Amino acid sequence: MSYFPLSIVSWKEAIKALFLDRVNLVAEYQELIHSPSISMRIPSVVALKEYVVPQKNPPFNRFNLYLRDGFSCQYCGEEGRIAGFREGAALTLDHVTPKSRGGHLTWLNTVAACSSCNLKKADKTPQEAGMPLRRKPFVPSQYNLKRIAKDYPIKSLHETWLTFLGIEEDS
Ligand SMILES: [Zn+2]
């Protein structure tokens, strides 16, 4: 499960889940698939019958970190690029306390940074580099990430999903 309202599963997984009666069919594609015994349309949207309780702490990974930081550089504030959604500088992960000083990649020691700020900061702390953080890094809750994720529609989602997500094409 992801923090976006919907998760992407392969059509094979979706069909398997349908046959196992774990999901309800919400919408389907026009394409037909055939097996020796049946032919059916490929499901495009299925809904889980049971609510899955999300894990308490979101895992630390690149995507979740960028999400926490609103896909923007925590030094200059520039918004980064999101595939299929927004143009901008490529984001990088920055160790607040540099790796060379024993800093690790953790929620509290990592921020999203544009590549030029990352290069400029180099092996310094924000104080030494004269680059104050816009916001102190924190461990986000599921709720934090879910709320931020709502602002970041992924354009590459199949158009049939947009109806269910209430996402408008950006003009
Ligand atoms: Zn920057």
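Just a few scattered comments:
- The alpha carbons of the range 62-143 occupy a box of 36, 28, 18 Å along the principal axes, longest dimension given first.
- At R0 = 35 Å, FRET efficiency that the Cβ-Cβ distance of C76 and V9 yields, to 0.05: 0.40
- Couplings 3J(HN,Hα) for the range 95-112, derived from phi with the Karplus relation 6.51 cos²θ - 1.76 cosθ + 1.60 (θ = phi - 60°), are 6, 4, 8, x, 3, 5, 9, x, x, 10, 7, 9, 3, 7, 10, 10, 9, 6 Hz, where x marks Gly and Pro.
- The slack between M40 and F63, meaning 0.36 nm per residue of separation minus the straight C-alpha distance, is 4.8 nm.
- Pairs from K124/K146; K12/K49; K99/K146; K124/K150; K121/K150 whose Cα-Cα separation, in the structure shown, is over 27 Å: K124/K146; K99/K146; K124/K150; K121/K150
- Considering only L133, S115, L91, the residue lying farthest towards the positive end of the dipole of the range 62-143 is L133, judged by Cα position with unit charges set on Cβ.
- Distant-in-sequence amide contacts of C76, defined by a placed amide H-H separation under 5 Å and a gap of 5 or more residues or a different chain, comprise C114.
Any read-out appearing in this document is the output of simple, stated calculations on the displayed coordinates, not a laboratory observation. Keep in mind that what you see is a predicted model, and the values were worked out from it rather than measured. Every residue, glycine as well, gets a Cβ built from its backbone with ideal geometry; the counts of neighbours run over all protein chains shown.
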